Amino acid sequence: MKTAHDIIIKPIITEDSMERLQNGKYTFKVAKDANKVEIAKAVEEIFDVKVANVNTMNVKGKEKRMGRYTGFRPDWKKAIVTLEGDKTIEFFDGMY
């Protein structure tokens, strides 16, 4: 059985994700085989908040070159989690 820390891999901190924080939306890199229900339960368990909505997307890995050889970075999954109410995740406080 997967634990919450197996599902939520790491937070994504970019300009776009920092703008979404003001609307109560948090962005995470998640396990590729995780579904929306598992992601919501994992965020609620780790950060002790109530999740209102989860949007997920599969991100294709970028092409990388080493000299004349090309390859791809691995594909990954991104989740944008919307929280209920005014509660925030303390990890992100003070970043925007």
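In a residue-by-residue description of the range 79-90, the property of being among the charged types (D, E, K, R) and at pLDDT 95 or above applies to no position. If residue 18 satisfies every condition in (1) under 11 Å from residue 79 (Cα atoms); (2) over 10 Å from the mean Cα position of the chain (by Cα) but one, which is the exception? Condition (1) is where residue 18 drops out. Scanning the range 17-52 for residues that are open to solvent by 80 Å² or more (accessible area, probe 1.4 Å) and either charged (D, E, K, R) or touching a Cys at 6+ places or on another chain (Cβ under 9 Å) (or both) yields 19, 32, 33, 36, 41, 45, 48, 50.
Residues considered: 60, 10. Of these, the only one that is surrounded by fewer than 12 Cβ atoms within 10 Å (Cβ to Cβ), more than 13 Å from the chain's Cα centre (by Cα) and not aromatic (Phe, Trp, Tyr) is 60. Note on the range 68-83: among residues that are free of Cβ contacts under 8 Å to residues at least 40 places away in the same chain and assigned to a loop (DSSP other than H, G, I, E, B), the one that is least open to solvent (accessible area, probe 1.4 Å) is 74.
The values are calculated or read from the model by the stated rules, or taken from the named source; none is laboratory data. Just so we're clear, the structure is a prediction, and the values are computed from it rather than from any experiment. Every residue, glycine among them, receives a Cβ derived from its backbone with ideal geometry; neighbour counts consider all protein chains shown. With ligands, DNA and RNA removed, areas are computed over all heavy atoms of the protein, side chains included. Shrake-Rupley method; radii C 1.70, N 1.55, O 1.52, S 1.80 Å.
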